[in-house]
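The values are calculated or read from the model by the stated rules, or taken from the named source; none is laboratory data. Because the structure is a prediction, the values reported are computed rather than measured. Heads up, the Cβs are rebuilt from the backbone with ideal geometry, glycines too, and the neighbour counts pull from every protein chain shown.
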Amino acid sequence: MTSTVGTFAWLVVLLPLLGSLTIAFSFRGLKGRTAGAIATGALAGSFIFTIATLVALQNLPASSRQVRAPLWDYAVTAGLDVKLSLLVDPLSIVMMLVVTGVSMLIHLYATAYMDSDQGYNRFFCYLNLFVFSMLVLVLAGNFVLLVVGWGLVGMASYLLISFWYRRQTATRAGIKAFLINVLGDVGIVLGSFLILRHAGSSDFLTVFARAPQAFSGSEHDLTWGLVLILLGAFAKSAQFPLHTWLPDAMEGPTPVSALIHAATMVTAGVYLIARLHPLFELSHVAANIAVIIGTITLVMAATMAIVQTDLKRIIAYSTMSQIGYMVVGVSAGAYTAGIFHLMTHAFFKALLFMSAGSAISAMGGVQDINRMGGLRKALPFTYGCFLIGSLALSGIPPFSGFFSKDEILSSLLERGDWYTAVGIIGYVAALLTATYTFRAVYKVFHGPTTEDSQQVVDGHHLHFPPTNPSTGESEDTDVGFPGTEHPVAEDHLPMRIAMGTLAVLAVGAGLLQIPHVDQVVSNFLHPTFAGSELLESTEASTKTSIVGMLIGAAAGLAGIALAAQFWLKSPGTPARIQASLQPLHTLLRRGYFIDDLITLLIVRPARWAGAVFERSVERLVTGTVVMGGPTGVVRIASAVVRGAQTGSLRVYAGVITTGVGAVLLYALVDR
């Protein structure tokens, strides 16, 4: 049975790679939606084998549900045995289900959404490659394969964010995401080396078993190793201060936003902390750093989202905030709650991005919520899905986000000490979450119609001349730009199927983990976290759970009420508040000037140093000495040889005689 688990797991990983390679080698001959069908079929197969892996793993005894699946020995040297090996356990199964299941629905949605794009085949090649990379990351059985998957995800995300490569804003966003993630990659590699040096193995389970003895007396090395690994986790999961790439990544197509910012890439850091939980429990300093950073991020992102006007950026900032909750949960020992929120968040956040894409398409590519309004009657299916996703995000019972987010906060209250303050901050952020989420609901689907949205209400989908929504620059519809069509869910069955499935999951997935009633998720994950010393201290009592859920529901409802008051009943109030608090509005709109600070302290000095190096080193040293030196020698030698070619026999005879004489003289002297 163990070998069966491993075989199924490898098939899960390899099918998206096979789909990507198939499209890559035959993309010129693929017509219509063939590439989309191949890519979606590969993900469907991967999801089916994930279910098979789940069944095979559950047939094993609970104590044996951590299965290594080696393919071959990658390197055996200096006492280090590195295998190309997967680790299949309940945690990786949850990640596999989320990644393959949600990605399959996003692929299905994209088959219609990207239909008119000139890069259709290339898009699905990249999309399958991304899912393959993410599966390598979450199934890696050792630090070496983890680093490989981590790097592949960064590369694939760059390709997708910069997919419309003729847009300068898209290419800049892709480069920004790539550079920040490379910084995190460096942290992952260095941190892994520190841990590997003491543990003497790269295999996760072996490192976990040896860690208490291996790091006894070397706690500082463990802490520094984990802090470096956190650098990679924060970069990938867009946590403060490495979060600035994520809002800009909205330059990619909407399916990319749903894939990267909902179910996959941004959750990698959360998964990594949960995977390495035995090490974090040995280093409270590293764990507490993660809790503090997650808390800062969830509040900061919520405050920034409330002043944004770009619909996709609002959802992107909400992603940052929700990932902050997850980071806090898994770092504080509430592992089940953090992973459960990761799962439910994938459902309702992918749903929100898909619904936003449908509304934006109906508006002819307009993403500014101030140009929308009253779309609920024109787009009833899109509105219903967006409303369900918003209720789940706001933590309103009985939607899934209510149970998962409140379980994290209840666990913090149960643990006590300074974690109680973190929990209270989380409830305040929950109020802000409901406020900015329903601000978007009311501005887009309720309220008075604008001049643009009135045409949609009248039954006409807008079609403006192709422009960049960020800059207003004119574009065309050739390769490297968005396609000509603007598909909405109301008109395309694949989009409705994907969104409808996610809507059902956003409503009902919370029933898997009702505190003190139904413990499906915690029971399933128990073999992974069975050795944790924090499980009991973070398991909320009945009283704490009830109080926490009441506070959470009240915070969500209060946020919705505030949004209704400001943007439905008194729509002029926000403008007056903004005018009286303009400095604060500017601070939030500019993201606390963190991007500006990074530009001032890092980007500009790097550019200046590069310019100086180019002028002083590359031109003078490389150009003159390195390149010019050999060139000069050849030029002089050529001139001498040319000068000797006089055509005079006497000169040639003299040169030969002189040469022969020199050789004879050397022979006599040497003798």
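Filter the range 196-228 for residues that are touching a Leu at 6+ places or on another chain (Cβ under 8 Å), within 15 Å of residue 281 (Cβ to Cβ) and of a type in the set (D, E, K, R) and give the result.
Looking only at the range 196-228, we keep the residues that are touching a Leu at 6+ places or on another chain (Cβ under 8 Å), and these are 196, 198, 200-202, 204-205, 207-208, 211-212, 215, 219, 221-222, 224-226, 228.
Among the residues that remain, those that are also within 15 Å of residue 281 (Cβ to Cβ) are: 204, 207-208, 211-212, 215, 219, 222, 225-226.
Within the range 196-228, just 219 meets the criteria.
To keep it simple, each residue is scored yes or no on (1) in a helix (DSSP H, G or I); (2) surrounded by fewer than 24 Cβ atoms within 10 Å (Cβ to Cβ); (3) not assigned by TED's automatic domain parsing to the domain that holds residue 245.
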| position | (1), (2), (3) |
| --- | --- |
| 108 | yes, no, no |
| 165 | no, yes, no |
| 176 | yes, yes, no |
| 197 | yes, yes, no |
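Just wondering, is there one or more residues in the range 188-195 that are within 19 Å of the chain's Cα centre (by Cα) and of a type outside the set (Lys, Arg)?
Yes, some residue in the range 188-195 is within 19 Å of the chain's Cα centre (by Cα) and of a type outside the set (Lys, Arg).
Answer with yes or no whether residue 470 is surrounded by 15 or more Cβ atoms within 10 Å (Cβ to Cβ) and farther than 16 Å from residue 363 by Cβ.
Considered against the rule, which asks whether it is surrounded by 15 or more Cβ atoms within 10 Å (Cβ to Cβ) and farther than 16 Å from residue 363 by Cβ, residue 470 comes out as no.
Give the residue, chosen from 307, 291, 328, that is over 19 Å from the mean Cα position of the chain (by Cα), of a type in the set (Val, Ile, Thr) and either under 21 Å from residue 413 (Cβ atoms) or assigned to a helix (DSSP H, G or I) (or both).
Of 307, 291, 328, the one residue that is over 19 Å from the mean Cα position of the chain (by Cα), of a type in the set (Val, Ile, Thr) and either under 21 Å from residue 413 (Cβ atoms) or assigned to a helix (DSSP H, G or I) (or both) is 291.
Look at the range 290-330 and say how many of its residues are of a type in the set (Val, Ile, Thr) and within 18 Å of residue 538 (Cα to Cα).
Matching residues across the range 290-330 total 6.
Based on this model, can you work out whether residue 182 counts as assigned to a helix (DSSP H, G or I), at negative phi, surrounded by fewer than 23 Cβ atoms within 10 Å (Cβ to Cβ) and free of Cβ contacts under 8 Å to residues at least 40 places away in the same chain?
Answer is yes for this residue.
Select, from 221, 248, the only residue that is assigned to a helix (DSSP H, G or I), under 14 Å from the mean Cα position of the chain (by Cα) and surrounded by fewer than 24 Cβ atoms within 10 Å (Cβ to Cβ). Walk me through how you get there before you give the answer.
Working: 221 fails: under 14 Å from the mean Cα position of the chain (by Cα).
Testing whether each residue is assigned to a helix (DSSP H, G or I), under 14 Å from the mean Cα position of the chain (by Cα) and surrounded by fewer than 24 Cβ atoms within 10 Å (Cβ to Cβ) leaves just 248.
Residue-by-condition table, conditions (1) crowded, with 22+ Cβ neighbours inside 10 Å; (2) over 23 Å from residue 148 (Cα atoms); (3) out of contact with any His (no Cβ under 9 Å at 6 or more places or on another chain):
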{"residue": "10", "(1), (2), (3)": "no, no, yes"}
{"residue": "18", "(1), (2), (3)": "no, no, yes"}
{"residue": "35", "(1), (2), (3)": "yes, yes, yes"}
{"residue": "39", "(1), (2), (3)": "yes, no, no"}
{"residue": "55", "(1), (2), (3)": "no, yes, yes"}
{"residue": "68", "(1), (2), (3)": "no, no, yes"}
{"residue": "85", "(1), (2), (3)": "yes, no, yes"}
{"residue": "96", "(1), (2), (3)": "yes, no, yes"}
{"residue": "114", "(1), (2), (3)": "yes, yes, yes"}
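Being closer than 19 Å to residue 83 by Cβ, surrounded by fewer than 23 Cβ atoms within 10 Å (Cβ to Cβ) and either among the polar types (S, T, N, Q) or at pLDDT 90 or above (or both) is the requirement here; does residue 192 meet it?
The answer is yes for residue 192.
If you scan the range 294-303, which residues turn out to be surrounded by fewer than 23 Cβ atoms within 10 Å (Cβ to Cβ) and either closer than 12 Å to residue 323 by Cα or under 18 Å from the mean Cα position of the chain (by Cα) (or both)?
Across the range 294-303, the qualifying residues are 296, 299.
Which of the residues spanning the range 473-485 are assigned to a loop (DSSP other than H, G, I, E, B) and small (Gly, Ala, Ser)?
480, 483
Step by step: first the residues of the range 402-418, then only those that are among the aromatic types (Phe, Trp, Tyr) and within 27 Å of the chain's Cα centre (by Cα), then the one that is surrounded by the most Cβ atoms within 10 Å (Cβ to Cβ). Which residue is that?
Narrowing the range 402-418 to residues among the aromatic types (Phe, Trp, Tyr): 402-403, 418.
Within this subset, residues satisfying the condition of being within 27 Å of the chain's Cα centre (by Cα) are 402-403.
Working: 402: 22, 403: 27.
Checked the range 402-418; the qualifying residue surrounded by the most Cβ atoms within 10 Å (Cβ to Cβ) is 403.
Is it true that some residue in the range 487-508 is crowded, with 21+ Cβ neighbours inside 10 Å, assigned to a loop (DSSP other than H, G, I, E, B) and in the same structural domain as residue 126 (by TED's automatic domain parsing)?
So far as the range 487-508 goes, yes, one or more of its residues are crowded, with 21+ Cβ neighbours inside 10 Å, assigned to a loop (DSSP other than H, G, I, E, B) and in the same structural domain as residue 126 (by TED's automatic domain parsing).
If I ask for residues that are assigned to a loop (DSSP other than H, G, I, E, B), closer than 18 Å to residue 253 by Cβ and either within 29 Å of the chain's Cα centre (by Cα) or without any contact (Cβ under 8 Å) to a residue 24 or more places away in the chain (or both), which ones from the range 451-472 would you list?
Hits for the range 451-472 are 466, 468, 469, 470, 471.
Within the range 376-401, how many residues are surrounded by 24 or more Cβ atoms within 10 Å (Cβ to Cβ) and under 23 Å from residue 462 (Cα atoms)?
Total satisfying the criteria: 4.
Just need a number here: residues in the range 202-218 that are hydroxyl-bearing (Ser, Thr, Tyr) and either surrounded by 20 or more Cβ atoms within 10 Å (Cβ to Cβ) or touching an Asp or Glu at 6+ places or on another chain (Cβ under 7 Å) (or both).
Total meeting the criteria: 1.
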